[in-house]
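Below is one structure, written out as structure tokens, with a few remarks after it.
Computed from the coordinates by the stated procedures, all read-outs in this text should not be read as laboratory data. Since the model is a prediction, treat every value here as computed from it, not as a measurement. Neighbour counts are summed over all protein chains in view; Cβ atoms, including those assigned to glycine, are modelled from backbone coordinates with ideal geometry.
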Amino acid sequence: MSSNPLSPTQNLSQLSDLTEPDQLNELETLRHSTAHVMAHAISNLWPSARFGIGPAIDDGFYYDVDLPVKLSDEDLKKIEKEMNKVIARGESFVRQDWDVDQAIQWFQERNQTFKVEIIENLREKLGVTTVSTFTEGGFTDLCRGPHVTSVKSIKAFKLMSVAGAYWRGNEKNPQLQRIYGTSFFTQKELDEHLFFLEEAKRRDHRKLGRELDLFSFHVESPAAPFFHPKGTVVYNRLVSYVREMYRHYGYDEVITPQIFDAQLWHRSGHYENYKESMYFTEVDEREFAVKPMNCPAHTFIYASTKRSYRDLPLRLADFGRLHRYERSGVTAGLTRVRSFCQDDAHVFCTPDQIQEEIRRVVDMIMKTYAVFQFNLDEMSIALSTRPEKRVGSEEVWDKSEAALKNVLEHLGRPFTINAGDGAFYGPKIDFRFKDALKRQHQLATIQLDFNLPVRFGLEFTNSENQAHPPVMIHRAVLGSLERFMGVFIEHCAGAFPFWLAPIQARLIPIKDAHKEACESFGQQLKEMGIRFDIDDRNESMGLKTREAQVAKIPVSLVMGDREMASQSFALRAYGSRESQVKTFNEILAQMQEWNSVPLAPFKSL
């Protein structure tokens with residue numbers, strides 16, 4: 001039963017190899033087999049259990065089960081204990097092929113109605129005449145395989161959690177209990193994985209967002225974040241960083257409307273290719289849409305005056321608010337929202353400027369992610385090619401894909417092809433970065449577009465006074481600011497660098513007699529633009545310093561009699577167990593340096 005004959009979210013008509021063994025790697029095969037053993041153990045404990053599907057997944061496996069009891073954490077331990085008994089018997093897995101009618105009868109006799117339904121669907125939709133099962137120790141399950149040779153190979157596993165899951169993902173069907181687990185070849189690998197999961201929980205940006213008072217969500221505006229004062233500081237500092245980059249790279253910032261007549265989105269191709277992700281309304285009996293992206297608006301600014309080749313490249317940046325519909329089942333904290341802002345920009349250029357402009361964008365991306373301490377050696381690049389739903393001729397797509405490929409080859413950076421994942425108007429380059437936990441995130445993107453300039457009638461005159469459409473480069477460095485903020489919170493575990501932290505320093509007077517001196521020093525910090533607070537509560541110093549660490553404030557400044565007499569503070573950096581006595585002037589100079597946006601040197605990397 002550890003196989004996945006049919007995922008509940010898959011369409012039967014799209015599956016052609018359900019009777020053939022899965023092409024699993026060794027770890028997936030181990031997990032596939034562990035799920036089978038778990039089903040065996042469950043059937044021993046609850047003989048009336050009915051089984052759905054149980055595939056190997058990215059970090060383990062799961063099995064959907066109908067049980068007479070609601071499982072608890074104690075039940076998971078009981079199942080693990082029974083699994084160890086099954087493994088101790090050391091039985092081998094044996095495959096058998098069955099005639100469909102024979103298999104249906106066999107599973108019907110054992111009241112395995114979900115297995116019967118799977119087999120009947122296979123016959124009806126795909127015309128299969130035989131199915132396979134795997135047996136070990138007297139327990140048989142419908143399964144494509146493959147499995148390990150013997151259950152003895154299963155040495156390190158853990159059942160993680162239980163969740164509800166509708167059969168085949170349809171809420172009209174019975175709700176089963178989905179048991180999640182994981183399995184590794186060695187106990188050391190399992191222990192490392194469990195540590196990783198605990199660390200991921202500790203770094204979860206949704207948890208840290210609440211604890212650090214950065215943002216919240218409310219049912220009145222689903223999947224749209226409310227940024228609190230501290231979160232807004234971080235958000236605005238990210239914008240300030242990007243604006244400083246724009247100053248060096250020659251971008252002009254613009255502001256464009258939020259709502260456009262639906263005819264604009266027909267013209268751009270969004271209505272036909274992106275409608276399901278858009279919000280619509282009616283104004284004066286005309287259909288309007290809230291913009292999901294800025295690119296069509298920027299074409300109006302380009303077209304507002306006649307352009308010559310001497311005016312290009314034209315680089316327009318926009319922090320306009322965007323809205324895209326995401327299904328409630330896929331929204332997740334800041335990383336998948338319906339209302340967001342991008343560090344969005346569009347470069348209008350001539351065809352012979354493409355390579356240099358994209359090189360400049362890549363340079364900006366590399367510098368930015370170095371600033372935020374992502375490991376550039378672990379960065380990966382993918383060229384995403386034409387999707388099934390797209391605008392433009394095959395000739396234009398050939399030209400644009402070849403242009404991006406040529407740029408990447410000239411940059412000398414390795415890349416992979418992500419077939420079919422381009423934007424509907426053009427191919428793109430996606431940059432993926434690993435965070436501190438080695439999880440990969442697609443963040444920055446560059447898209448090459450020959451189509452929208454033509455659809456909007458954009459032109460420039462060349463040196464021979466001939467009219468030609470410009471090329472449009474869509475690009476985002478951080479991408480969605482909301483998503484980047486969520487990823488970065490987890491990357492730094494909520495311990496923001498000094499320049500980005502919402503509260504940069506906490507002043508802690510030991511006694512009331514030191515409070516006035518702290519307030520006076522705080523006035524100097526305020527004049528410098530340093531964000532600080534003063535903890536003058538009548539609490540113990542141990543409590544105050546611990547709370548400053550829990551709040552992840554970069555710098556704590558403690559003042560007692562000696563410090564006040566010498567015009568100094570005992571400075572303790574976040575994460576440090578030691579304090580250093582620094583004079584007022586030393587602290588002011590240090591904070592001025594730390595508060596500067598840490599832009600990388602502006603020369604090609």
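Using only alpha-carbon positions in region 54-97, the gyration tensor eigenvalues give semi-axes of 22, 17, 12 Å once each is multiplied by 5 and square-rooted (largest first). Note that region 518-530 has calculated 3J(HN,Hα) couplings of 5, 5, 5, 5, x, 5, 5, 5, 4, 5, 7, x, 7 Hz, one per residue in order, obtained from phi through the Karplus relation 6.51 cos²θ - 1.76 cosθ + 1.60 (θ = phi - 60°); glycine and proline are x.
Report the FRET efficiency, 1/(1 + (r/R0)^6), for N236 and T305, where r is their Cβ-Cβ distance and R0 is 22 Å, rounded to 0.05. Please list the in-between numbers first.
Working: r = 32 Å, r/R0 = 1.45.
Taking R0 as 22 Å, the efficiency between N236 and T305 is 0.10.
How much of the calculated P(r) for region 77-120 lies past 16 Å, in percent of all Cα pairs? Mind showing how you got there, number by number?
Values: 534 of 946 pairs.
So the pairs more than 16 Å apart make up 56 percent of the total in region 77-120.
With a simple spin-label model that places each label point 7 Å from the Cα along the Cα-to-Cβ direction, the separation between K152 and Q373 comes to 4.8 nm.
Determine the calculated [θ] at 222 nm for the chain from helices alone, applying -39500 (n - 2.57) to every DSSP H run no shorter than 4 residues and normalising by the residue count; nearest 500 deg cm²/dmol. Before the final figure, lay out each step's value.
On the way: 18 runs with 212 residues, N = 605.
That comes out to -11000 deg cm²/dmol.
In this structure, the amide hydrogen of R178, modeled 1.01 Å from its nitrogen in the peptide plane, lies closer than 5 angstrom to those of V65, A163, G164, A165, counting only residues at least 5 positions away or on a different chain.
Straight-distance candidates among the lysines for linking to K125, with alpha-carbon spacing under 30 Å and chain neighbours fewer than 8 residues away dropped: K115, K172, K389.
Can you give me the Rg/Rh ratio for region 12-203, using Cα atoms for both radii and the Kirkwood formula for Rh? Before the final figure, lay out each step's value.
Details: Rg = 16.5 Å, Rh = 17.2 Å.
So for region 12-203, dividing Rg by the Kirkwood Rh gives 0.96.
The simple Förster model, with R0 at 41 Å and r as the Cβ-Cβ distance, assigns E519 and D252 a FRET efficiency of 0.45. If you take all other residues with their beta carbon under 12 Å from the beta carbon of I530, and give Lys and Arg +1 and Asp and Glu -1, the sum is 0. Phi-derived couplings, Karplus 6.51 cos²θ - 1.76 cosθ + 1.60 at θ = phi - 60°, listed residue by residue for region 135-145: 10, 9, x, x, 9, 10, 9, 5, 6, 7, x Hz, with x used for Gly and Pro.
Relative to the present Cα-Cα distance, how much length would full extension add between E578 and D561 at 0.36 nm per residue of separation?
Details: separation 17, 0.36 × 17 = 6.12 nm, distance 1.91 nm.
Length gained, E578 through D561: 4.2 nm.
Between the helical axis of 229-249 and the longest alpha-carbon principal axis of the chain there is an angle of about 70 degrees.
As a ratio to 2.2 N^0.38 Å, the alpha-carbon radius of gyration computed for region 223-491 takes the value 0.99. Remark: the Cα gyration tensor places region 243-364 in the oblate category, a/c being 1.5 or greater and a/b not exceeding b/c. Using alpha-carbon pairs under 8 Å, 6+ residues apart, how would you state the relative contact order of the chain in percent? Worked out over the chain, it gives 10 percent. In this label model, S221 and R89 are separated by 5.9 nm, measuring between points 7 Å along each Cα→Cβ vector.
Remark: spin-label model distance N538-S596 equals 4.5 nm, labels positioned 7 Å along the Cα→Cβ axis.
In square nanometres and to one decimal, what's the mean projected area of the convex hull around the Cα atoms of region 394-492?
Values: hull surface 34.2 nm².
With every direction weighted equally, the projected area is 8.6 nm².
Loop-located GluC sites (Glu not before Pro) in region 207-274 (DSSP state not H, G, I, E or B) with no more than 15 neighbouring Cβ atoms inside 10 Å: E220. Let's test the formula: R0 of 30 Å, r as the Cβ-Cβ distance of F195 and Q175. What FRET efficiency results, to the nearest 0.05? That gives a FRET efficiency of 0.40. Volume per residue for region 505-594 equals 86 cubic angstrom (convex hull of Cα atoms). If the segment from R359 to E74 were pulled out straight at 0.36 nm per residue, it would be longer than the present Cα-Cα gap by 96.9 nm. Applying D = kT/(6 pi eta Rh) to the chain, where Rh is the Kirkwood radius over alpha-carbon pairs, T corresponds to 25 °C and eta to 0.890 mPa s, the Stokes-Einstein value obtained is 86 µm²/s. The slack between E586 and E276, meaning 0.36 nm per residue of separation minus the straight C-alpha distance, is 105.9 nm. A simple rule links phi to the HN-Hα coupling: the Karplus curve 6.51 cos²θ - 1.76 cosθ + 1.60 with θ = phi - 60°, which for region 444-452 gives 6, 8, 10, 10, 9, 10, 9, 8, 4 Hz, with x for Gly and Pro.
Quick check on region 522-569: take the gyration tensor over C-alpha atoms, sort the square-rooted eigenvalues as a ≥ b ≥ c, and tell me if it's rounded (a/c under 1.5), prolate or oblate. The shape class here is oblate.
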